[in-house]
């Protein structure tokens, strides 16, 4: 039986640490340094579990920080009869900082809450990575949102505090398409969302990791937002091969689907195009059953729009 979580969360502003936008990778061999565009990362020789636990401790040490979900990709792979070296992702966020992004473009809710992935690369080094704020701003064509710098500094601070290393920023590909698929729903917001959730819960290989009510979280920090809910879900049988081919794919897995209502009252369903995601992470087009994943996501979204 599957369980789901509807979580509200807070994340305080942390002291500022600078990020390095260069090729310095802290003295480690750079043969396998991640080249995925739009990510921030560090490499360290520290044990991955030590780094991961340090990040958890940093988040838990602050009463305003709530962890939305922890995903152990390696364990999920093992449960599916597959093998994946240490790969774990932490989801967390702050409505006070994130809501202004969604007020500018509600589709930014597809990339919130924030997440940090810790994994071991081919050299045996530990890599800590996250999607940069520049990537989110570029992807969703955000304007001059006042909280973006604070978010960027806070994320860099967490990683710096956990590893002692300065964050390296990979450039954003401004020519790359957003890679977001949109489905219009003739149903009202609640019906659309509930039908998608019911579909996910009816598919045995799929687990719903978390549900996030962005509108409720905004209200909790005295802000206004149109109805928007995010579902985080995954199927390790399909997702693990993507991460086996490119470990940074863990930043975009599990899958996410955002249901929102726009200013005109129209209800929309959006999710990441798996082909564009694979291209971003340098995944071989034949490595991860992309057609099967694409068809599954299409069917799940279509279930929300079914009358």
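Derived from the Cα gyration tensor, the three semi-axes of the equivalent ellipsoid of the chain are 29, 23, 18 Å, largest first. Between residue 105 and residue 291, the contour length at 0.36 nm per residue exceeds the Cα-Cα span by 64.1 nm. Per residue, the convex hull spanned by the Cα atoms of segment 150-263 measures out at 178 cubic angstrom. For segment 248-307 versus segment 66-143, the spacing of their alpha-carbon centroids is 15 Å. Highest GNM mean-square fluctuation among 267, 221, 127, for the chain modelled with Cα contacts below 10 Å: 221. In terms of its Cα atoms, segment 135-199 spans 49, 29, 23 Å along the principal axes, sorted from long to short. GNM on the chain, alpha-carbon springs under 10 angstrom: the most fluctuating residue among 207, 89, 99 is 207.
The stretch between residue 62 and residue 182, if pulled fully straight at 0.36 nm per residue, gains 39.5 nm over its current Cα-Cα span.
Here the residues 279, 175, 134, ranked from fewest to most Cβ neighbours within 10 Å of their Cβ, fall in the order 175, 279, 134. Note on segment 193-253: Rg/Rh from Cα positions, Kirkwood definition for Rh, rounded to two decimals, is 1.10.
Largest GNM mean-square fluctuation among 285, 249, 216, using the chain with Cα springs under 10 Å: 285. For segment 87-212, what class follows from the C-alpha gyration tensor (a ≥ b ≥ c being the square roots of its eigenvalues): rounded when a/c is under 1.5, otherwise prolate if a/b is larger than b/c, else oblate? Cα axes put segment 87-212 in the oblate bin.
Read-outs: derived from the displayed coordinates by stated rules, not from any lab. Quick caveat: nothing in here was measured; it's all calculated off a predicted structure. Glycine gets a Cβ as well: all are built from the backbone with ideal geometry, and neighbour counts include every protein chain shown.
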